[in-house]
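Scroll down for the structure; my scribbles are underneath it.
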Amino acid sequence: MWIDISVPLSAHLPAWPGDTPFEARWTWQQGAGASVNVSAITLSPHVATHSDAPYHVRSDWRASEALDVAAFVGRCSVVDVSACSGEMQLAALGAAGENPSLQRLLLKSGRSIASGAFPDSWPWLSVGALETLLKRGLRLLGVDAPSIDAQDSTTLDVHHALFGGGAFNLENLDLRRVAAGDYELFAAPLAISGLDAAPTRALLRPLA
């Protein structure tokens, strides 16, 4: 059974402060005499569940067409870090932090916009811990929080380390119904070229 861990796009969904929120409107409607119903949407690609492109943090890095689908599909580990705050070291990940073959890691902080409010803060993985995981082969870091960096970070060091190490991220996941453990992940970003991020539908399935 697949578990949808995406945050649905909605006009009521809180965006990052100052960013473009989701907005939908009708171009044609059958109720107004048109033959079809056709809608149009406006949004930042960082609203709801999404994957950042390396271009998001460096203009000389590749944009959303560089997102490698293979990194977003396969075995992953969900780790509950809801008891943590601030910067986390490798020990906060428990057994997952010692796994030499960990390729995809999802952090469940409990600070998700899926609750209907934008969180004031959330825990984040230290650059040192991330670099250790990257050396072991980490390809994807996912979080239920709005960012893999601290809320007030302007240098975005975790983003830089992740993309510099050839890996990718998922942000704004909804892990409220997901227990810690190992799963199969399918979270292919939308095929968009030239942008700083891509909306993503993320699904988990427990391993048999």
key: Cross-chain or 6+ apart pairs with Cβ under 9 Å, the stretch 131-157 first and closer than 15 Å to residue 100 by Cα, then among the β-branched types (Val, Ile, Thr) and at pLDDT 95 or above   = 138/132
note = Within the stretch 72-94, residues being without any contact (Cβ under 8 Å) to a residue 24 or more places away in the chain and under 22 Å from residue 177 (Cβ atoms) number 2
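Could you tell me whether any residue of the stretch 53-63 is hydroxyl-bearing (Ser, Thr, Tyr) and under 14 Å from the mean Cα position of the chain (by Cα)? Can you show your working first?
Step one: list which residues in the stretch 53-63 are hydroxyl-bearing (Ser, Thr, Tyr), which gives 55, 59.
Filter once more, so that each one left must be under 14 Å from the mean Cα position of the chain (by Cα): none.
No, the stretch 53-63 has no match at all.
When you go through 114, 95, 129, 145 one by one, which is the residue that is surrounded by fewer than 18 Cβ atoms within 10 Å (Cβ to Cβ), among the aliphatic types (A, V, I, L, M) and within 30 Å of residue 208 (Cα to Cα)?
Only one candidate qualifies: 95.
Please find, within the stretch 27-72, the residue that is nearest to residue 205 (Cα to Cα) out of those that are hydrophobic (A, V, I, L, M, F, W, C) and assigned to a helix (DSSP H, G or I).
Residues of the stretch 27-72 hydrophobic (A, V, I, L, M, F, W, C): 28, 32, 34, 36, 38, 40-41, 43, 47-48, 53, 57, 61, 63, 66-67, 69-72.
Then drop every residue that is not assigned to a helix (DSSP H, G or I), which leaves 32, 66, 69-72.
Details: 32: 43, 66: 26, 69: 17, 70: 17, 71: 16, 72: 14 Å.
The residue in question is 72.
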inquiry  = Regarding the stretch 180-188, can at least one residue be identified that is within 25 Å of residue 85 (Cβ to Cβ) and of a type in the set (Asp, Glu)?
reply    = no
ask   = Of (1) open to solvent by 30 Å² or more (accessible area, probe 1.4 Å); (2) closer than 21 Å to residue 161 by Cβ; (3) among the aliphatic types (A, V, I, L, M); (4) in contact with a helix residue (DSSP H, G or I) (Cβ under 8 Å, 6 or more places away or on another chain), residue 36 satisfies all except one. Which?
value = (2)
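The values are calculated or read from the model by the stated rules, or taken from the named source; none is laboratory data. Only a predicted model underlies this, so the values are computations on that prediction, with no experimental measurement involved. Every residue, glycine as well, gets a Cβ built from its backbone with ideal geometry; the counts of neighbours run over all protein chains shown. For the accessible areas, the whole protein counts, side chains as well, though only heavy atoms, and no ligand, DNA or RNA atoms are used. Shrake-Rupley method; radii C 1.70, N 1.55, O 1.52, S 1.80 Å.
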